[in-house]
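Everything on this sheet refers to the single structure shown next.
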Amino acid sequence: MTFDDFSGGLNTAVSLRKIPLTMSPNIRNFLIDEKPGSLVQRKGFIVAGSSMTLRAGNGITGVFPYYSDDGTTKFLVTDSSVVVETSDFNTWVEVVRGLNTSVLLRCIQVRNKMWCTNGTDAVFTWDSSTRVTLNGTVGTPNVPKFKYPIYYQERVWGLNTTANGSSLDFNSIISTENRILAPDDYLAWPSDRTGLQINVGQGDGQVGQGMWIQDGLLRIGKQNSIYTIYGTDPYTARKTDAQTGLTSFDSVVMLDGNAYYLGPDGIYENLRRISDAFAPDIETFQKDTTQTLENAWETQADFSRGNFSFGSTATTSGLLQVQIEDFNMNWAGTEPIGESTIAVHSGSTSTIFAVRLASNTVPSTYYGAVKQIGLWSRITGPCGITVKVTCRNPKSGQSISSSRGGIGNSGMLLNSFFFGTGVSPTGDTVITGDAKWSADELVNSSFTIKVEAEGIASGCSFYFYPSSVTGNANIILQPSTTFQFLSEVSTLTSVTAWGNFESARNTNGGTIDYFIRASTSSVNITTQVWTNITPGVRINAPVINNYIQWASTITSISTITPSNIDNVTIGHIEGAGSVNRAFGIDWKNRYWLFVATETSGDFSLGYIKARITNPRPDAFVLFDGINIRSLAKDRTNTLYAGAASTGTVYRLDYGTNDNGQIIVPVYESPGLTFGETYKDKVVQMMLLEGQKETGATLKLGISADGASYTERTVSIDGSGRYTTVLKGLTPNNRGETIQFRIKNDQLDKGLTLENMTPVYTVEERLK
């Protein structure tokens with residue numbers, strides 16, 4: 001039996017005895033297509049450069065090349081919190097910091113600018129020197145926050161927005177004046193998304209996971225389906241496959257005209273699964289199942305779910321703002337009951353009466369000062385009197401007074417007495433008083449009204465009608481300048497990480513303060529301490545807190561343009577695997593896919609697909625010892641990778657060691673019965689052939705019936721080819737099932753194996 005074809009690659013799906021001879025249950029750090037049919041040890045990697053500012057717990061999650069028109073290349077490098085630029089991986093210039101570390105930043109080149117997005121923070125561009133945030137300010141477009149970007153048909157497309165996981169947004173390319181628009185023109189992303197947005201498979205219970213361009217068409221991968229975009233203005237999305245899906249946008253690679261990507265149940269070439277030979281491995285891969293979600297308050301109905309400690313309410317336009325209108329509280333009646341008039345006339349100098357406020361006329365949320373007491377009045381006879389009105393609230397004990405003099409014309413009607421500061425509508429100076437009563441003091445409260453007159457002559461009568469005319473007999477409250485709003489408690493399904501607290505607001509010279517609190521239950525949240533928060537800042541709360549609430553205090557200085565809140569959003573992330581997602585690249589005509597397993601966490605394993613010229617093009621081998629989170633290449637055909645836990649960028653597929661560590665290639669044969677089941681075999685000798693290397697050795701291991709390997713070191717020192725015959729292979733050379741292992745554990749030494757031939761005898765039938 002001769003092993004001279006190792007082109008089958010990895011097979012962990014069947015028992016050892018059933019694995020074809022061209023395949024292996026464990027093949028690591030070998031290439032099988034470098035010399036077709038042979039095993040060739042992979043190359044190593046070195047440090048290209050390192051930045052101490054990049055290591056926010058994620059390692060290097062992205063390395064993005066930027067190609068200038070002058071032929072030079074720069075890179076944006078990120079740990080998903082900080083972004084820096086570099087041209088040599090030694091000199092670093094900060095571009096931005098403070099991004100959400102719980103989500104991945106992805107950047108693509110669009111014309112002469114990089115577009116970067118993470119689905120949580122605002123999209124920004126970078127032109128090799130200047131960063132511009134596309135949030136609608138300073139002449140920039142207000143671009144939706146989306147997770148996955150692509151450039152297609154002169155448009156930037158963004159999939160999976162915070163508001164809708166199925167939303168596919170794109171920019172306009174023609175203005176209403178027929179002006180051609182660049183993707184970052186302020187007119188290219190209007191607020192009205194009609195015709196510029198597609199809901200891809202909305203309602204199918206899946207979110208968009210990524211995009212790619214194939215055969216000139218845009219493909220959309222959702223969790224369990226593939227959609228294709230057809231047409232040009234209008235575009236339509238049609239489901240073209242319901243048998244597979246996409247689990248990682250960063251796993252998508254176009255190679256040889258084919259799309260390779262990681263689906264929920266395996267690695268795919270177009271719509272064909274090509275990973276069945278190692279299906280058990282797929283089950284251990286961490287999938288990118290994260291969703292960025294937002295709870296939003298932006299309409300009157302949204303704000304109406306909350307409560308006002310005092311102040312205003314949401315207007316019909318959906319703004320949360322200080323109420324600028326006066327509030328009228330009609331009197332419910334008078335005491336003594338049945339009196340329609342109260343008179344001050346000759347013989348008396350004052351009259352005191354009481355009024356009661358109707359319980360349903362005073363919002364419990366309103367807080368204001370008494371501005372006016374309306375008293376409908378009439379004078380008979382020439383009087384020339386001065387009238388003083390005093391209003392007292394027994395609950396608070398506060399009193400306010402107002403006087404008007406020179407009242408003397410018979411039949412004169414008076415409908416107002418004003419309190420506070422300033423001038424009354426009739427031109428009378430407003431007298432003393434600025435009493436403020438809380439809602440608790442107003443609702444169902446009683447007021448005493450004392451009317452005093454001076455200079456009442458004989459024949460002079462002064463009549464009051466406190467309840468005869470609705471709207472005239474009332475107490476008017478002036479608007480408050482400050483109010484508080486308390487949202488309802490939002491219940492979240494789960495929280496993997498918190499996003500940002502965002503709010504569009506207009507202070508208009510006033511102040512708006514925000515507060516937030518979170519808890520593990522809707523009951524306990526009332527006992528939590530409020531924490532001040534600024535819009536644009538990440539929410540600092542434990543991820544076990546699935547209940548969250550916000551509040552705001554608004555102080556306005558203008559009644560014409562009051563301070564207001566347009567909207568509030570609270571972002572959070574559900575699911576897992578965003579940082580430990582699968583990511584791939586095409587390199588030397590091979591598909592490289594690196595994954596993190598559920599057991600190894602951030603330790604990445606590389607599954608390397610053979611070239612299509614390999615006798616078995618669907619074959620894969622495994623690379624280990626390369627702990628990375630991202631891959632990139634430049635136009636000079638150099639492969640780079642971002643380290644998984646440091647701020648280091650590596651150059652891959654280079655050198656003879658892994659940054660100073662030994663590359664350990666391993667090949668294990670299938671379980672061999674040599675066609676003689678239920679019989680013992682004894683391995684007499686082994687013939688090995690390959691390429692020599694100065695000072696190099698290889699280790700041959702033999703295992704019988706599942707026992708541990710017994711190794712023997714073999715010298716392959718020199719140049720040219722080696723042909724080695726090994727005899728006396730003891731112990732572990734006898735058993736019904738035999739396995740062989742080839743490995744190298746020398747620093748800076750390579751290993752090539754072209755064929756392996758065991759010589760054996762069948763000794764006896766097993767008892």
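On the basis of the beta-carbon distance and an R0 of 56 Å, residue 174 and residue 26 show a calculated FRET efficiency of 0.45.
Under the shape rule built on the C-alpha gyration tensor, where the axes satisfy a ≥ b ≥ c, region 479-594 is oblate, since a/c reaches at least 1.5 while a/b does not exceed b/c.
Distances over 26 Å make up what percent of all Cα-Cα pairs in region 124-236? Write down the numbers at each step before the final one.
Values: 1161 of 6328 pairs.
Of the Cα pairs, 18 percent sit more than 26 Å apart.
Neighbour counts of other Cβ atoms within 10 Å put 686, 1 in the fewest-to-most order 1, 686.
Could you give the length gained by full extension between residue 764 and residue 597, i.e. 0.36 nm per residue of separation minus their alpha carbon distance, to one decimal place?
Working: separation 167, 0.36 × 167 = 60.12 nm, distance 4.37 nm.
Value of the extension gain: 55.7 nm.
Extension gain, residue 109 to residue 192, is 27.3 nm, computed as 0.36 nm per intervening residue step minus the present C-alpha separation.
Here the spin labels are modelled as points 7 Å beyond Cα on the Cα-Cβ line, and at residue 182 and residue 131 they lie 1.9 nm apart. With 18 Å as the limit, the listed pairs 681/743; 679/699; 699/749; 74/113; 679/743; 35/609 have 681/743; 679/699; 679/743 beyond it between alpha carbons. All other residues whose Cβ lies under 9 angstrom from that of residue 568 are scored, Lys and Arg at +1 and Asp and Glu at -1, for a net of -3. Between residue 93 and residue 72, the modelled label-to-label distance comes to 0.9 nm, taking each label 7 Å out from Cα in the direction of the beta carbon. Modelled this way, with points 7 Å down the Cα-to-C-beta line, the labels at residue 534 and residue 635 are 4.1 nm from one another. What's the local net charge at residue 710, with K and R +1, D and E -1, over the other residues with C-beta under 12 Å away? Surrounding charge for residue 710 is +3. Counting 0.36 nm for each residue step from residue 138 to residue 708 and taking away their Cα separation leaves a gain of 198.3 nm.
Computed over neighbours whose Cβ is under 11 Å from that of residue 591, the net charge equals 0, Lys and Arg +1, Asp and Glu -1. Derived from the Cα gyration tensor, the three semi-axes of the equivalent ellipsoid of region 595-662 are 21, 17, 12 Å, largest first. Beta bridges per DSSP, both residues in region 201-306: antiparallel share near 100 percent. Here residue 204 and residue 694 are evaluated by their C-beta separation; at R0 = 56 Å the FRET efficiency comes out at 0.40. Among the aspartates and glutamates, which have Cα under 15 Å from the Cα of residue 43 when same-chain residues fewer than 8 positions away are ignored? Here the aspartates and glutamates satisfying the reach criterion relative to residue 43 are 33, 34, 624, 653, 658, 693, 745, 748. Residue exposure proxy: 488, 269, ordered by other Cβ atoms within 10 angstrom of their Cβ from fewest to most, comes out as 488, 269.
Within straight-line reach of residue 222, meaning a Cα separation under 18 Å, sit the following aspartates and glutamates at least 8 residues removed in sequence or on another chain: 169, 204, 241, 250, 265, 269, 288, 574.
Every number here is computed from the coordinates shown, using simple stated rules; none is lab data. Note that this is a predicted model, so its numbers are computed, not measured. Reconstructed Cβ throughout: ideal geometry from the backbone, glycine too, with neighbour counts over all protein chains shown.
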